[in-house]
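Enquirer: Before I ask anything, here is the structure I am working with.
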Amino acid sequence: MDARVARFAPAACPRLVIKIGSSLLVAADGSVRREWLETVIDDVAARRAAGQQVVIVSSGAIALGAKRLGLPKGGRASLEDAQAAAATGQIALSQIYAEMLSARGIVAAQILLTLGDLEDRRRFLNVAATLDRLLSLGVVPVLNENDSVATQEIRFGDNDRLAARAGQAAGAAGVILLSDIDGLYTANPATDPSAKLIPTVEKLDAAIDAMADGTSGSGLGSGGMTAKVQAARIANSAGVHLAIIDGRRPAPLQAFAATGHGTVFVAGEGARGKKAWLAGRLTLKGKLHIDAGAVRALATGKSLLAAGVTRVEGRFERGDPVEILGPSGTAVARGLAGYDAADAAAIAGARNEAQAGILGYAPRAALVHRDHLVTL
């Protein structure tokens, strides 16, 4: 077996997350593509029989609900329509998965999540514990964003990033995104005949981000390939491999195992525990700009001292997550602030011996301690 593909095989990947998008699951007329979905569930059953625990992240609730309710624009004419469609479609979606998995002797479970469920540390741990127990019992959890209550401010907006975050919570070793495009290309394959599929991405950098934007990447734009690359970054930060493969064909997981066709984002060792959760966060409360010396210090595993901070942005309290940016404006780390924004700004650039006089109290050991910091 291809080494790229072997990373997602049961032997190397005891837990796998599979994401199914709306465009694959729901036909243009709003009906479920049952014949195709049966082949995907066959794939899932085969992997479970081989000893792999599987989590499914599935879109499609809004599209299904909109058809049942007769709502215009696929249920997205307004937030209220989308929420009503999601509530109606989710029960239908759950029933379909429960029936198909049950026909293969597998119990299904449903978990609906909002962004806050995975951004808040305590709730994240609750989700992780639930997934772990379900998987240990042989259940296939089916996850989706809880669009019936989520608003623009508290939603993932796409299930690619939800799948990557769920992979962290589940302790998965791999995430596979079933897509209506077969991977990341050097340019938009729809308009550029010279565009080439990139089979392996070893490093997520600015060049990869450029390939995924709305003009030079897949042409899918935000929520399309852009979201998939963001998902890869979230997954890889926790040491989780991620693959984008063609989901349009029948039995797509079997086809990937046989051909290796797709794009694999290879993870390094990655962070673990609280640091992995922090690296994969989508919401941050502020920014700390630091100098080149501080960047070098963080790279060696040291804490962030106030002396290396050049500017503070945002409103945050002590313990809130903040992004740490180098002189070029590129994010180099994330961490939990040791001070609120006002005190952090007051001591920015000051050495430790000067901080007590500025603050009026004894300073802490660091502005962001290394135990609460992860480099990117």
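The values are calculated or read from the model by the stated rules, or taken from the named source; none is laboratory data. Keep in mind it's a predicted model, so treat the numbers as computed, not measured. Note that each Cβ is placed from the backbone with ideal geometry, even for glycine, and that neighbours are counted across all protein chains shown.
Enquirer: Give, as residue ranges, the helices (runs of 4 or more DSSP H) completely inside the stretch 40-146 that count at least 3 residues that are in contact with a Gly (Cβ under 9 Å, 6 or more places away or on another chain) and either modelled with pLDDT under 90 or more than 26 Å from Ala235 (Cα to Cα) (or both).
Expert: 61-69, 79-102
Enquirer: Continuing with this model, one more query. So which residues in the stretch 14-39 are among the hydrophobic types (A, V, I, L, M, F, W, C) and either in a helix (DSSP H, G or I) or under 25 Å from Ala232 (Cβ atoms) (or both), if there are any at all?
Expert: Residues satisfying the conditions are Leu16, Val17, Ile18, Ile20, Leu24, Leu25, Val26, Trp36, Leu37.
Enquirer: Tell me whether the stretch 100-109 contains one or more residues that are under 25 Å from Ala227 (Cβ atoms), in the same structural domain as Arg34 (by TED's automatic domain parsing) and touching a residue at least 60 places away in the same chain (Cβ under 8 Å).
Expert: Within the stretch 100-109, not a single residue is under 25 Å from Ala227 (Cβ atoms), in the same structural domain as Arg34 (by TED's automatic domain parsing) and touching a residue at least 60 places away in the same chain (Cβ under 8 Å).
Enquirer: Still on this structure, I have one more. Somewhere in the stretch 242-262, is a residue among the hydroxyl-bearing types (Ser, Thr, Tyr), in the same structural domain as Gly335 (by TED's automatic domain parsing) and at negative phi?
Expert: No, that holds for no residue.
Enquirer: Could you identify the single residue in Ala267, Ala279 that is crowded, with 20+ Cβ neighbours inside 10 Å and modelled with pLDDT of 85 or more?
Expert: Unique residue meeting the criteria: Ala267.
Enquirer: Follow-up question, since we're still on this one. For the stretch 78-88, indicate whether the set of residues that are of a type outside the set (Asp, Glu) and either closer than 23 Å to Gly183 by Cβ or surrounded by fewer than 16 Cβ atoms within 10 Å (Cβ to Cβ) (or both) is non-empty.
Expert: There is at least one residue in the stretch 78-88 that is of a type outside the set (Asp, Glu) and either closer than 23 Å to Gly183 by Cβ or surrounded by fewer than 16 Cβ atoms within 10 Å (Cβ to Cβ) (or both).
Enquirer: Could you tell me how many of the residues in the stretch 342-368 are free of Cβ contacts under 8 Å to residues at least 24 places away in the same chain and of a type in the set (Val, Ile, Thr)?
Expert: 1
Enquirer: So, one more: Residues to consider are Val26, Val40, Val17; find the one that is within 21 Å of Leu69 (Cβ to Cβ), under 23 Å from the mean Cα position of the chain (by Cα) and either loosely packed, with under 15 Cβ neighbours inside 10 Å or assigned by TED's automatic domain parsing to the domain that holds Gly75 (or both).
Expert: Val26
Enquirer: Test of understanding: among Ala12, Ala49, Ala45, which residue is closer than 22 Å to Gln254 by Cβ, under 21 Å from the mean Cα position of the chain (by Cα), among the small types (Gly, Ala, Ser) and surrounded by fewer than 22 Cβ atoms within 10 Å (Cβ to Cβ)?
Expert: Ala12
Enquirer: Could you list, in sequence order, all residues of the stretch 244-261 that are among the aliphatic types (A, V, I, L, M) and out of contact with any helix residue (DSSP H, G or I) (no Cβ under 8 Å at 6 or more places or on another chain)?
Expert: Residues satisfying the conditions are Ala255, Ala258.
Enquirer: Also, I was wondering about something else. Condition first: of a type in the set (Val, Ile, Thr) and part of a loop (DSSP other than H, G, I, E, B). Now tell me which residues in the stretch 166-199 satisfy that.
Expert: Ile181, Thr186, Thr191, Ile198, listed by residue number.
Enquirer: Looking for something at pLDDT below 85 and in a loop (DSSP other than H, G, I, E, B) - is there at least one such residue anywhere in the stretch 228-243?
Expert: Checked against the condition, which is being at pLDDT below 85 and in a loop (DSSP other than H, G, I, E, B), the stretch 228-243 yields no hits at all.
Enquirer: Let me ask something additional. Tell me which helices (runs of 4 or more DSSP H) are completely within the stretch 282-376 and hold 3 or more residues being within 28 Å of Arg161 (Cα to Cα), or say none if there are none.
Expert: Counting at least 3 such residues, we get 292-299.
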